[in-house]
Amino acid sequence: MDHVITFQPAGKIIKVRQGTNVLNAARKAGVYIPTRCEGKANCLMCKIKISEQYESALSSISDVEKRKLGASINEGIRLSCQTIILDDVEVTIPEDPLKAAIRKQLEAARNQEHDELW
């Protein structure tokens, strides 16, 4: 059975077979999720965010995820390599903290330039 997965903030939508993990679905959709361990839950780079309404559309949180992610699980954070798609779902790929800081600096600089023009 196929299920629809939507990747935010990219807005990419793809159909995948039930039982596919989110990391492989992202690769199939051309959505980048960073990883170094190739899906072995060692690097903790492939974090995704799941809203409460979609928790039942995914596999239960594994013991590995519980150990690795700790309290961040309560915030809807999962490892895409360990999260299996069971139904239609929407996942959010958090922005890399370094990229977020750079983006914020660039936006502040643009806003300052814009203010100086007026």
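The values are calculated or read from the model by the stated rules, or taken from the named source; none is laboratory data. This structure is a prediction, so every number in the text was calculated from the model and none was measured. For neighbour counting, all protein chains shown are included, and Cβ atoms are generated from backbone atoms with ideal geometry for every residue, glycine included.
If the requirement is being small (Gly, Ala, Ser) and touching an Asp or Glu at 6+ places or on another chain (Cβ under 8 Å), which of these qualifies: 71, 41, 101, 108?
Selected residue: 41, the only one of 71, 41, 101, 108 that is small (Gly, Ala, Ser) and touching an Asp or Glu at 6+ places or on another chain (Cβ under 8 Å).
Give me the pairs: first residue in region 98-118 and among the β-branched types (Val, Ile, Thr), second residue at pLDDT 85 or above, beta-carbon distance under 8 Å, and six or more apart or on different chains, which are they?
none
How many residues does region 53-79 hold that are surrounded by fewer than 15 Cβ atoms within 10 Å (Cβ to Cβ), within 17 Å of residue 90 (Cβ to Cβ) and more than 14 Å from the chain's Cα centre (by Cα)?
Adding up the residues that qualify gives 2.
What pairs can you find where one residue is in region 64-82 and at positive phi, the other is surrounded by 10 or more Cβ atoms within 10 Å (Cβ to Cβ) and hydrophobic (A, V, I, L, M, F, W, C), and their Cβ atoms are less than 6 Å apart, with a gap of 6+ or different chains?
76/50
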